[in-house]
Ligand code: KMH
Ligand code: ZN
């Protein structure tokens with residue numbers, strides 16, 4: 001069995017602070033949770049930025065730079081920077097951290113979907129911040145747009161930055177989108193796919209659907225041409241990590257996708273969920289990859305080649 005790469009997505013742009021007092025949103029909180037997740041066993045942390053005063057998803061490049069700089073000053077974890085950004089952000093806002101920060105790994109969302117999180121409003125009695133309810137409600141009419149032109153633009157930006165794309169696959173047709181980009185020579189195998197299940201608008205989070213995604217990828221892209229991982233939104237998160245481990249896949253947990261660690265039990269940080277995956281892996285005799293082992297499996301350029309040290313110097 002190959003060693004499992006655990007990713008922790010510590011904050012994201014789906015949940016709002018009213019849903020959990022543990023959702024990190026200031027740079028220091030995000031950094032602290034990323035470092036804790038790494039200490040618990042995560043080889044990769046996936047980062048978004050949020051406004052430190054209100055917790056609203058932000059595309060402020062200085063926040064990204066502060067977060068990635070502080071994380072890498074404290075641990076050797078692989079940093080995966082989002083290009084999903086916050087719901088409703090423009091293509092330019094979403095790609096900017098890649099061109100400047102040149103991270104080792106970045107998300108690349110492989111197709112357009114309805115990305116609906118408005119049902120979360122029912123869980124909020126008293127919003128902590130004014131933006132939260134309108135943000136969630138706006139997703140009733142939101143297309144998370146990732147057209148072929150956009151995919152080509154992101155792929156090119158990542159290629160120029162030496163950044164490996166982590167291809168987020170929300171539904172089975174997106175595997176065809178990826179194949180199209182491989183056929184055009186825009187993506188080069190071996191590619192890295194994150195199967196994302198359970199978003200309202202995408203494929204539901206069931207073991208059967210995970211198997212369907214995996215088998216379709218094997219048929220379409222070829223078993224030797226990809227590394228894969230699983231992310232499941234909501235309460236299916238931890239059960240699907242068990243399925244992924246049994247199938248030999250990699251895993252992603254974190255408060256970005258699920259705020260809980262058990263029925264009615266809020267996770268106090270993404271590290272709580274990472275620990276659950278570590279325990280499951282131990283039971284299954286699956287070893288956990290270190291950040292350097294993840295770098296080697298994913299074919300990453302190395303933490304000495306990211307852009308933020310020079311970006312930090314340039315701003316002085
Ligand atoms: N929140 C996940 C379902 C991204 O950041 O590019 C999707 C995600 C996308 O992580
Ligand atoms: Zn994300």
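Just to be sure before I move on: is residue 95 touching a helix residue (DSSP H, G or I) at 6+ places or on another chain (Cβ under 6 Å), outside any loop (DSSP other than H, G, I, E, B) and either without any contact (Cβ under 8 Å) to a residue 40 or more places away in the chain or closer than 25 Å to residue 6 by Cβ (or both) in the structure I sent? Explain how you work it out, then say what you get.
Working: touching a helix residue (DSSP H, G or I) at 6+ places or on another chain (Cβ under 6 Å): yes; outside any loop (DSSP other than H, G, I, E, B): yes; either without any contact (Cβ under 8 Å) to a residue 40 or more places away in the chain or closer than 25 Å to residue 6 by Cβ (or both): no.
Judged against the criteria, residue 95 is not a match.
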If only one of 35, 31, 68 is outside any loop (DSSP other than H, G, I, E, B), in contact with a helix residue (DSSP H, G or I) (Cβ under 6 Å, 6 or more places away or on another chain) and either within 19 Å of residue 166 (Cβ to Cβ) or within 16 Å of ligand 1 (Cβ to nearest atom) (or both), which one is it? 68
Among (1) surrounded by fewer than 20 Cβ atoms within 10 Å (Cβ to Cβ); (2) within 16 Å of ligand 2 (Cβ to nearest atom), the one test that residue 146 misses: (1)
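Taking residue 27, is it surrounded by fewer than 24 Cβ atoms within 10 Å (Cβ to Cβ) and under 24 Å from residue 94 (Cα atoms)? Can you show your working first?
Working: surrounded by fewer than 24 Cβ atoms within 10 Å (Cβ to Cβ): yes; under 24 Å from residue 94 (Cα atoms): yes.
It is true that residue 27 is surrounded by fewer than 24 Cβ atoms within 10 Å (Cβ to Cβ) and under 24 Å from residue 94 (Cα atoms).
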If you scan region 64-97, which residues turn out to be closer than 19 Å to residue 168 by Cα and modelled with pLDDT of 95 or more? 78, 79, 80, 81, 82, 83
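Of these, 174, 158, which one is within 16 Å of ligand 2 (Cβ to nearest atom), over 16 Å from residue 249 (Cα atoms) and in contact with a strand residue (DSSP E or B) (Cβ under 7 Å, 6 or more places away or on another chain)? Give the derivation first.
On the way: 174 fails: in contact with a strand residue (DSSP E or B) (Cβ under 7 Å, 6 or more places away or on another chain).
None of the others qualify; the one that does is 158.
Would you confirm whether or not region 40-57 contains a residue that is within 30 Å of residue 147 (Cα to Cα), surrounded by fewer than 20 Cβ atoms within 10 Å (Cβ to Cβ), away from ligand 1 (no atom under 13 Å from the Cβ) and over 16 Å from the mean Cα position of the chain (by Cα)?
Residues of region 40-57 that are within 30 Å of residue 147 (Cα to Cα), as a first pass: 44-51, 55-57.
Cutting the leftovers down to surrounded by fewer than 20 Cβ atoms within 10 Å (Cβ to Cβ) gives us 51, 56.
If we keep only those that are away from ligand 1 (no atom under 13 Å from the Cβ) as well, we get 51, 56.
From what is left, the residues that are over 16 Å from the mean Cα position of the chain (by Cα) are 51, 56.
Checked against the condition, which is being within 30 Å of residue 147 (Cα to Cα), surrounded by fewer than 20 Cβ atoms within 10 Å (Cβ to Cβ), away from ligand 1 (no atom under 13 Å from the Cβ) and over 16 Å from the mean Cα position of the chain (by Cα), region 40-57 yields at least one hit.
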Of residues in region 1-21 being outside any loop (DSSP other than H, G, I, E, B) and either without any contact (Cβ under 8 Å) to a residue 12 or more places away in the chain or surrounded by 24 or more Cβ atoms within 10 Å (Cβ to Cβ) (or both), the one farthest from ligand 2 (Cβ to nearest atom): 4
Considering only residues of region 286-305 that are closer than 18 Å to residue 166 by Cβ and touching a helix residue (DSSP H, G or I) at 6+ places or on another chain (Cβ under 7 Å), which is surrounded by the fewest Cβ atoms within 10 Å (Cβ to Cβ)? 302
Do the conditions hold for residue 88, that is, is it within 16 Å of ligand 1 (Cβ to nearest atom) and not in a helix (DSSP H, G or I)? yes
Please go through (1) assigned to a helix (DSSP H, G or I); (2) surrounded by 23 or more Cβ atoms within 10 Å (Cβ to Cβ) for residue 272 and return the number of the only condition it doesn't satisfy. (2)
If residue 84 satisfies all but one of (1) crowded, with 20+ Cβ neighbours inside 10 Å; (2) on the phi > 0 side of the Ramachandran plot, what's the number of the condition it fails? (2)
Any hit, region 103-111, residues being within 16 Å of ligand 2 (Cβ to nearest atom), modelled with pLDDT of 95 or more and either part of a helix (DSSP H, G or I) or more than 17 Å from the chain's Cα centre (by Cα) (or both): no
Any idea which of 208, 126, 194 is within 12 Å of ligand 1 (Cβ to nearest atom) and either out of contact with any helix residue (DSSP H, G or I) (no Cβ under 7 Å at 6 or more places or on another chain) or modelled with pLDDT under 95 (or both)? 194
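Say we look at region 275-285 and pick out the residues that are in contact with a helix residue (DSSP H, G or I) (Cβ under 7 Å, 6 or more places away or on another chain) and either under 16 Å from residue 39 (Cα atoms) or not in a loop (DSSP other than H, G, I, E, B) (or both); which of these is nearest to ligand 1 (Cβ to nearest atom)?
Just the residues of region 275-285 that are in contact with a helix residue (DSSP H, G or I) (Cβ under 7 Å, 6 or more places away or on another chain), to begin with: 275-278, 280-281, 284.
Subsequent filtering for residues that are either under 16 Å from residue 39 (Cα atoms) or not in a loop (DSSP other than H, G, I, E, B) (or both) retains 275-278, 280-281.
Numbers: 275: 21, 276: 19, 277: 17, 278: 21, 280: 21, 281: 22 Å.
Residue satisfying both the conditions and the ranking: 277.
The values are calculated or read from the model by the stated rules, or taken from the named source; none is laboratory data. Please read all numbers here as calculations on a predicted model, not as lab measurements. As a convention, Cβ positions derive from the backbone with ideal geometry for all residues, glycine included, and neighbour counts pool all protein chains shown.
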